[in-house]
Amino acid sequence: MKTKVTKKEFAWYVIAGILVFIGLTLIIFDIIGDNIRVGAGDNWILTAQNAVIEWSKINMDWRAWGIIFFLLGSLVIVITLSTFAKGADRLVEKEQRRQARLAAIVNSNDDESKTIEVEAKEVESK
């Protein structure tokens with residue numbers, strides 16, 4: 001059975017994907033910024049990192065922010081998959097019950113067309 005992805009579910013997947021993408025991008029920028037072979041004044045990645053640290057007053061580099069965004073996006077994906085998988089399972093079970101009911105109705109109709117004649121004997125009561 002093919003299930004459709006609802007707009008709400010798709011929106012949560014997009015949000016989670018964006019968070020994971022931002023996290024990976026920040027981690028990669030931090031690795032490049034640490035290993036690039038230019039002077040400290042010419043390293044635009046570390047300059048931007050220092051500007052963000054001064055602005056936010058939170059002493060975390062790009063890698064720490066990247067890990068936070070990556071884990072947040074992963075958590076959103078896990079919660080979304082868990083929530084909407086339960087709904088998909090309910091739809092599958094509902095379809096299976098419907099098929100079982102239809103099969104029972106068809107089988108009962110076949111049984112009615114085959115009538116069996118039985119003689120009933122009277123039983124004497126004491």
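The values are calculated or read from the model by the stated rules, or taken from the named source; none is laboratory data. Keep in mind that this is a model prediction, so the values were computed, not measured. Counting neighbours? That spans all protein chains shown, and the Cβs are built from the backbone with ideal geometry, glycine included.
Brief remarks follow.
- Which numbered condition residue 15 misses (of (1) aliphatic (A, V, I, L, M); (2) in contact (Cβ under 8 Å) with a residue 60 or more places away in the chain; (3) crowded, with 16+ Cβ neighbours inside 10 Å): (3)
- Listed conditions (1) at pLDDT 80 or above; (2) at negative phi are all met by residue 57, apart from (2).
- Annotation note: of 62, 44, the sole residue that is among the aromatic types (Phe, Trp, Tyr), in contact (Cβ under 8 Å) with a residue 24 or more places away in the chain and farther than 19 Å from residue 12 by Cα is 62.
- Entry remark, the stretch 73-88: residues being exposed (fewer than 15 other Cβ atoms within 10 Å of the Cβ) and touching a helix residue (DSSP H, G or I) at 6+ places or on another chain (Cβ under 6 Å) number 0 in total.
- Only one of the listed residues (94, 8, 4) is part of a helix (DSSP H, G or I), exposed (fewer than 13 other Cβ atoms within 10 Å of the Cβ), of a type outside the set (A, V, I, L, M) and within 17 Å of the chain's Cα centre (by Cα). That residue is 8.
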